[in-house]
Amino acid sequence: MSTAKLTRADWQARAAALNFRGQAFIDGRYTDAVSGETFACINPANGRTLTQIAACDAPDADLSTAAARRVFEAGSWSRMPPRERKAIMIRFADLLDAHVDELALLETLDMGKPISDSTTIDIPGAARCLRHYGEAIDKVYDEIAPTADSALGLITREPVGVVAAIVPWNFPILMATWKIAPALAAGNSVILKPSEKAPLTAIRVAELALEAGLPAGVFNVLPGYGHTVGKALALHADVDCIAFTGSTAVGKLIMQYAGQSNLKRCWLECGGKTPNIVFADAPDLDAAAEAAAFAIFFNQGEMCTAGSRLLVEASIKDIFLDKVVAAGERMPPGDPLDPATRVGAIVDDLQLDRVLGYIEAGKQAGATVRLGGGRMFTESGGYFVAPTIFDNVRNDMPIAQEEIFGPVLSTLAFEDEEEAVRLANDTPYGLAAAVWTSNISRGHRLARRLRAGTVWVNCFDEGDLTVPFGGFKQSGNGRDKSLHALDKYTELKTTWIDLTR
Ligand code: NAD
């Protein structure tokens, strides 16, 4: 039966029949952690344990790094002709597509997102990403410098070596492929450290990589906690590059670990506090309101780009907010396995407490709750939060400044363009921003003045593999996606040849 036609009961039956694998994948085979330790993997929709996961640590980092280095030096992948690497990457992508329902189910059970999203966004998006870089890699050329006639200056790219990708749980396999696809395509060996909160798809995908033809040791998966195996990888003398997506606080630690060890390259995709700016002359206020609700409630608000700060021109603030509240009411949380559900469960009890803590802080600070404001379905044992909208938020309140990573929207009013820009830029983050206006000059003006890696004009969360994604300020450095991502996983080499002798 095609995935699109499956009912909630079908998904529940499939979930009950699933075999979960919780081991690490090192040098082409599944293995327990050296310590034998495990930790529980919990379904956030009901609080029940799905399986046990290998709790990898420094000895496992040593083993996987040794395997990754050995195969890198051997050249079976790193020096494979790009055309052949391409074929294997495309097979890898095809295998993800072939297993879309199984992988989507793992993703949904593991982190609580709606099955309709994991089947249509996460897994197809991950497959597309692998295919995109596979298809690209035999079409990128090196350069010859415009030197004097007496010399030849070759500028070539080489894979960096062993890349450790440390990723979060909100789009577990998609965030991973944004890193592993360009890194693998460029010829590197990769160690993927998924989040301890959502490791299941990464573990399963490892054997698909082997099946696709990646040589053993080229792609390894080390599940475990950040402060153990994540830290061990970031401090490891034989890891050449850390590609990190996660919080700004951990991103700062990663840079410190690099400085304390071998000065490995660190690419950081960190947090955000995206301003979504709506002017009274927005072309379609209803569409803008739908987008504003989607911007904060999609994926339970667990989005680095979540439009968590709604800045509205004062003259339309009240009528516009009514529309956003109505749109939010149309996105109630539900069972993630129900194909009709648009908002699922919060990833775990810790994140639930964090989100509820911010909601309480908003109330204490004097902001007005317009929608939601608390936990839902407690009797299910799951971690559900009602889509929550605050009005009368001041920009110095914690709910306006700090990343909540949950379905909580803060609304602020502004009088004019100057104030909108000032409020929008007044945060440590700079991942994304959005502007709604019919004035084309103003759209361009703001796109220039907003300090963010992506600015959307009259849309939100639009993007494509062809455009770079990443942050200004404390949202990080480097860029995922597009051909620019290849820069992160390659070293530039100059070869200077004297032509006079
Ligand atoms: P997190 O920083 O807690 O964890 C991210 C990863 O780092 C996990 O795999 C974790 O185990 C690991 N980690 C934690 N401590 C570590 C340490 N001391 N050393 C090495 N690794 C360590 O973030 P999270 O809660 O998993 O994800 C949410 C965050 O990710 C949010 O801040 C969100 O904005 C950000 N994010 C950013 C982007 C982006 O592209 N900019 C995309 C998605 C998520």
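For this structure, a couple of remarks:
- Pairs, first over 17 Å from ILE404 (Cβ atoms) and free of Cβ contacts under 8 Å to residues at least 60 places away in the same chain in the range 281-308, second outside any helix (DSSP H, G or I) and hydroxyl-bearing (Ser, Thr, Tyr), C-beta under 9 Å, six or more apart: none
- Conditions (1) crowded, with 22+ Cβ neighbours inside 10 Å; (2) over 26 Å from the mean Cα position of the chain (by Cα); number of the one not met by ASP396: (1)
- Checked against the criteria, ASP461 counts as surrounded by 17 or more Cβ atoms within 10 Å (Cβ to Cβ) and at pLDDT below 95.
- Set GLU102, GLU37: member being surrounded by fewer than 18 Cβ atoms within 10 Å (Cβ to Cβ), assigned by TED's automatic domain parsing to the domain that holds THR228, closer than 30 Å to TYR383 by Cα and more than 25 Å from the chain's Cα centre (by Cα): GLU37
- Within the range 352-363, none of the residues are under 30 Å from LYS488 (Cα atoms), within 16 Å of the ligand (Cβ to nearest atom) and either touching a strand residue (DSSP E or B) at 6+ places or on another chain (Cβ under 7 Å) or not aromatic (Phe, Trp, Tyr) (or both).
- Note on the range 226-280: residues that are within 12 Å of the ligand (Cβ to nearest atom), among the aliphatic types (A, V, I, L, M) and within 20 Å of PHE472 (Cα to Cα) total 8.
- Qualifying residue in the range 68-89 (condition: of a type outside the set (Val, Ile, Thr), surrounded by 18 or more Cβ atoms within 10 Å (Cβ to Cβ) and more than 18 Å from VAL218 (Cβ to Cβ)): no
- Positions within the range 411-435 being within 25 Å of the chain's Cα centre (by Cα) and among the hydrophobic types (A, V, I, L, M, F, W, C), in sequence order: ALA424, LEU431, ALA432, ALA433, ALA434, VAL435
- Residues satisfying the stated conditions in the range 256-269, i.e. buried (at least 17 other Cβ atoms within 10 Å of the Cβ), more than 22 Å from THR454 (Cβ to Cβ) and not basic (Lys, Arg): TYR257, ALA258
- Filtering the range 297-336 to residues that are among the small types (Gly, Ala, Ser) and buried (at least 24 other Cβ atoms within 10 Å of the Cβ) leaves GLY301, ALA306, GLY307, SER308, GLY328.
- Residues that are among the aliphatic types (A, V, I, L, M) and surrounded by fewer than 17 Cβ atoms within 10 Å (Cβ to Cβ) within the range 350-368 comprise LEU350, ALA361, ALA365, listed in sequence order.
- Of the strands (runs of 3 or more DSSP E) contained entirely in the range 9-55, those carrying at least 3 residues that are more than 24 Å from ALA345 (Cα to Cα) fall at 24-26, 29-31.
- Filtered residues of the range 156-174 (kept if assigned to a helix (DSSP H, G or I) and within 12 Å of the ligand (Cβ to nearest atom)): PRO172, LEU174
- Among the candidates GLY153, GLY112, GLY125, residue that is buried (at least 24 other Cβ atoms within 10 Å of the Cβ), farther than 26 Å from LYS231 by Cα and either of a type outside the set (Val, Ile, Thr) or within 15 Å of the ligand (Cβ to nearest atom) (or both): GLY112
- If you go through the range 341-372 and keep only what is in contact with a Pro (Cβ under 9 Å, 6 or more places away or on another chain), on the phi < 0 side of the Ramachandran plot and small (Gly, Ala, Ser), you end up with GLY344, ALA345, ALA361, GLY362, ALA365.
- Among the numbered conditions (1) surrounded by 18 or more Cβ atoms within 10 Å (Cβ to Cβ); (2) at negative phi; (3) over 17 Å from the mean Cα position of the chain (by Cα), the only one that GLY161 does not meet is (2).
- Positions within the range 295-339 being within 23 Å of ASP281 (Cα to Cα) and of a type in the set (S, T, N, Q), in sequence order: SER308, SER315
- Subset of the range 281-296 (residues that are away from the ligand (no atom under 16 Å from the Cβ) and either over 23 Å from ALA420 (Cα atoms) or not acidic (Asp, Glu) (or both)): ALA282, PRO283, LEU285, ALA287, ALA288, ALA289, ALA291, ALA292, ALA293, PHE294
The values are calculated or read from the model by the stated rules, or taken from the named source; none is laboratory data. These numbers come from a predicted model, not from an experiment. Quick reminder, even Gly has a Cβ in these numbers, built from the backbone with ideal geometry, and neighbours come from all protein chains shown.
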